[in-house]
1. Here is a list: Glu228, Glu209. Which entry is modelled with pLDDT of 95 or more and not basic (Lys, Arg)?
2. For Gly224, indicate whether it is within 21 Å of Gly281 (Cα to Cα), surrounded by fewer than 15 Cβ atoms within 10 Å (Cβ to Cβ) and not polar (S, T, N, Q).
3. Please give the number of the condition Ser299 fails out of (1) of a type in the set (Gly, Ala, Ser); (2) under 24 Å from Ser89 (Cα atoms); (3) modelled with pLDDT of 95 or more.
4. Of (1) within 18 Å of Asn90 (Cβ to Cβ); (2) modelled with pLDDT of 95 or more; (3) polar (S, T, N, Q), Gln199 satisfies all except one. Which?
5. Taking Tyr85 as the residue in question, decide whether it is hydroxyl-bearing (Ser, Thr, Tyr), assigned by TED's automatic domain parsing to the domain that holds Asp208, surrounded by 14 or more Cβ atoms within 10 Å (Cβ to Cβ) and at pLDDT 90 or above.
6. Would you be able to tell me the number of residues in segment 207-225 that are of a type in the set (Lys, Arg) and either in contact (Cβ under 8 Å) with a residue 40 or more places away in the chain or in contact with a His (Cβ under 8 Å, 6 or more places away or on another chain) (or both)?
7. Considering each of Leu303, Leu261, Leu243 in turn, give the residue that is closer than 30 Å to Glu155 by Cβ and either in contact with a Gly (Cβ under 8 Å, 6 or more places away or on another chain) or not assigned by TED's automatic domain parsing to the domain that holds Val217 (or both).
Amino acid sequence: MLFWPILLNKFNFAGQTSIINNMALRRNHTSSGRKGTGFLVRLFIFMILLVTLLVWVYYNRSQLENYFFNSKTVVIENDNVLRTYLPTSNGQVLHKKYYSLSYLPNKKCPEWVAYPMKKQYLKVRNIQHRLSFEADPELNSGGTSYYDYSGSGYERGHLVPAADMNFDMEGLKETYLFSNIVPQQRNCNLGVWRELEKQVRDWVYKYDELYIISGTVFSNNKKGKKIEKSGIFIPDYLFKVILIYKDDKKSMVGFLIPNSLSEKHLYEHVVEVDELEKMTGIDFFNLMLDDKIEEKLESETDLKNFPVSEARYKLRIEKWNLE
C-alpha cells in the first residue's frame, strides 16, 4: 500500500521539476533576446556617434593639425595702422578685420570694398568651410537677408572674394556678410569676374602686396534696375582698381566689368581710373598718395606691369562662360 503513494509522489516531483526547468529555459531565452536587442541599439547609437565624430574631424582637420602637430602655418595679425588706402564714400563705412566697405542703404548694396592683399596671406593653408550668408548686424539700415535674393535669377556675388580671406576664419566669415554681396549675373560671376579675381591673386604673388578696391556702378536712371520683391538695386557694372605701391614700382590699373556675359579679353575691360572716378563719384587713394603721384597713376596705365594669363582667358571662353 505504501509503494504507490511513494511512486506517485516521485512522478509528481519529477513533473514539477520538468515544468520548473522549462519555465527557467523560457525566461533565459526571453532574457537573451532582450539582451540581444539592447546590444543592437547600443551598437547603432555608437555607430552614429562615430560617424558624427569622423565628419567633424574631416571638416576641422586643418585646425586639428595645427593644434596637435604644431604646423608651420603663418599667423596673420590684424594691422592696427590707419587705413589710408580707403577711398571717399557716399554711404555708411564699416571696418571689418581685414577689409573696409562703404554701404548704400538706399540701394541695399555695397558701394565699394577696400583692402590690402599680401602674398603671405595666400600662402597660408586654406580653411575648409561650409559657411552661409548672414545679415550684417553693424548696418544702420537697408540690410538684406538670404531670402531677398531667392528666385531673383541673380547670384549672391562677393565683392571681397572668399578666396582672398581664406587664411583666417573671422575674415572669411565676414566675406559672407550681405554688406559684401551684390546681385550678379551668373555668367559674370562665374566668368569674367572670376577670371579677374584669380588674375589679381597672381599679381599679388608677383608683387608681394597689392591694394584692391572693388565696387559697383549703377545706371543713371533714378529708378534703376532692382530685384522687385526686395528692392535691392542691381549694378550695371562692377569695377576693380588695383594699386602696386612699392619703393621701386608704383602703378595702377582699373577694370570696368559689365554685369553680364563677356567674351572680351580682360585688357578690353581696362579703363583709366580717372574715368572710374567720374562714373562713380569716388576719389581713389586720395589720402594715401601725393596729389602729383595720384594724378599720374590714375591717368596712365602700363599694362606690362599687369600681365594676364592667356590660358585662363581661353578657359573662361570655352568653359566658365558656359557653366
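The values are calculated or read from the model by the stated rules, or taken from the named source; none is laboratory data. These figures come from a predicted structure and were not determined experimentally. Positions of Cβ are backbone-derived with ideal geometry, glycine not excepted, and every protein chain shown enters the neighbour counts.
1. Sole residue among the options that is modelled with pLDDT of 95 or more and not basic (Lys, Arg): Glu209.
2. Answer is yes for this residue.
3. Only one criterion is unmet by Ser299, namely (3).
4. With (1) within 18 Å of Asn90 (Cβ to Cβ); (2) modelled with pLDDT of 95 or more; (3) polar (S, T, N, Q) applied to Gln199, the lone miss is (1).
5. Working: hydroxyl-bearing (Ser, Thr, Tyr): yes; assigned by TED's automatic domain parsing to the domain that holds Asp208: no; surrounded by 14 or more Cβ atoms within 10 Å (Cβ to Cβ): yes; at pLDDT 90 or above: yes.
Considered against the rule, which asks whether it is hydroxyl-bearing (Ser, Thr, Tyr), assigned by TED's automatic domain parsing to the domain that holds Asp208, surrounded by 14 or more Cβ atoms within 10 Å (Cβ to Cβ) and at pLDDT 90 or above, Tyr85 comes out as no.
6. Going through segment 207-225 one residue at a time, the tally reaches 0.
7. The match here is Leu261.
So that you can scan it fast, the table gives a plain yes or no per residue for (1) surrounded by fewer than 23 Cβ atoms within 10 Å (Cβ to Cβ); (2) of a type in the set (A, V, I, L, M, F, W, C); (3) in contact with a Leu (Cβ under 7 Å, 6 or more places away or on another chain):
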residue: Gly151; (1), (2), (3): yes, no, no
residue: Met165; (1), (2), (3): no, yes, yes
residue: Met169; (1), (2), (3): yes, yes, no
residue: Tyr176; (1), (2), (3): yes, no, yes
residue: Val204; (1), (2), (3): yes, yes, yes
residue: Ser214; (1), (2), (3): no, no, yes
